Amino acid sequence: MPDTLQTLHQKLNSFQSQLDSLQTVNKYDHLAFKYEQLAAQLQKQNEVITQVHGFYDSAWNKLIWFIAVAGAVLGVIVPLLIQWWQNRNYNHKLEELNSRNDQRINEIIKSSRAEITKLKNNFTDYANEFEAMTNHLHGRTNLIDGEHIYAIGDFMDAIQYWLKSKNPHMGTSSLAGIGHCIEINLEKGEAFLEEVDDELISKGYKALDIELNAIRQHHNAKDYTETFKNVDAVLKMIKKRIREQ
């Protein structure tokens, strides 16, 4: 019996020892499982950290690349765009300036032509008046010297120039001179008129009656009416004497 109890006690101790060993194994297995879980979590965290690092590294590289490209754009393309805009603006301003200059030049040319035309017309008027006065003075000189035939030719020249000038009415004094020459030579009658016609024809005119009628119808001879009355009266007198002869 004692041997049996001893044997049972030994078996119990052995079972206890196995149980303790089993518990130790279970404990180590549990710790190993925990370790594996922790290792797996650490692995996942490491992967996440690696992914985050890769993302930021890639983003940083992209940012550097973007800055480099932007720098290239700002450093090359933008100056080219600015230069293009400046050239375009310069060309536009140049075209506008040329247009204004052309317009101003055209205005100056137009104004100059108008002034030249005005000066030319004024010069022509002055020249006609000068010629008219010169011929009238020649007529007066010949009238005083008794050269009545030549005086009538000079007065006729003066009238033609007066009618071309701005003061056509001044020709009435020359027309009066012709009447005065005819009146002085009433006694000569037809012979005097023939000499007058010959002188006028030699100067490129027509007969006295024809020239006087042309003057009467000239559009600038409106102020000659009263003077013509006197000349017509003198011509009627000389023609009357011709008929009486």
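Every number in this text was worked out from the coordinates using simple rules, so none of it is lab data. This structure is a prediction, so every number in the text was calculated from the model and none was measured. So basically every Cβ, Gly included, is an ideal-geometry build from the backbone, and we count neighbours across all protein chains shown.
Which whole-Hz couplings ³J(HN,Hα) result when phi for each residue of region 98-115 is put into the Karplus expression 6.51 cos²θ - 1.76 cosθ + 1.60, θ = phi - 60°, listed in order with x for Gly and Pro?
Values per residue, Gly and Pro as x: 5, 5, 5, 5, 4, 5, 5, 4, 4, 5, 5, 4, 4, 5, 5, 4, 5, 5 Hz.
On average, how much area does the Cα convex hull of region 89-245 cover when viewed from any direction, in nm²? Mind showing how you got there, number by number?
Values: hull surface 47.6 nm².
The number I arrive at for region 89-245 is 11.9 nm².
What is the distance, in nm, between label points placed 7 Å from the Cα along the Cα-to-Cβ direction at Glu96 and at His169?
About 5.6 nm separates the two model spin labels.
Whole-Hz Karplus ³J(HN,Hα) for region 181-192, in order, using 6.51 cos²θ - 1.76 cosθ + 1.60 and θ = phi - 60°, x for Gly and Pro?
4, 5, 4, 5, 9, 4, 5, 6, x, 4, 4, 5
Can you tell which of His219, Ala191, Ile149 lies farthest toward the positive end of the dipole of region 124-244, using +1 and -1 charges on the Cβ of basic and acidic side chains (Lys, Arg; Asp, Glu)?
Final value for the positive-end residue is His219.
Sorted from fewest to most neighbouring beta carbons within 10 Å, what does the list Glu47, Glu147 look like? It would help to have the intermediate numbers written out before the result.
Numbers: Glu47 10, Glu147 16.
Final ranking by Cβ density, sparse to dense: Glu47, Glu147.
In which sequence would Lys203, Lys188 go, from the one with the fewest C-beta neighbours within 10 Å to the one with the most?
Values: Lys203 13, Lys188 16.
Ranking Lys203, Lys188 by Cβ neighbours within 10 Å, fewest first, gives Lys203, Lys188.
In percent, what relative contact order does region 124-244 have, based on Cα pairs under 8 Å that are 6 or more apart in sequence?
Details: 142 pairs, mean separation 31.3, N = 121.
In percent, rounded to a whole number, it is 26.
Among Met170, Met237, Met156, which comes first, second and so on when ranked by fewest other beta-carbon atoms within 10 Å? Could you put the intermediate results ahead of the total?
Values: Met170 19, Met237 13, Met156 25.
So the ranking, lowest neighbour count to highest, is Met237, Met170, Met156.
Amide H to amide H, which residues 5 or more places from Asn185 or on other chains are under 5 Å from it, using H placed in the peptide plane?
Hits under the 5 Å cutoff: none.
Using the Karplus curve 6.51 cos²θ - 1.76 cosθ + 1.60 with θ = phi - 60°, what ³J(HN,Hα) values do you get for each residue of region 150-163, in whole Hz, with x for Gly and Pro?
Residue by residue, region 150-163 yields 5, 4, 4, x, 5, 5, 5, 4, 4, 4, 4, 6, 4, 5 Hz.
Counting pairs on different chains as well as pairs 8 or more places apart, how many Lys pairs in region 124-244 have Cα atoms under 18 Å apart?
7
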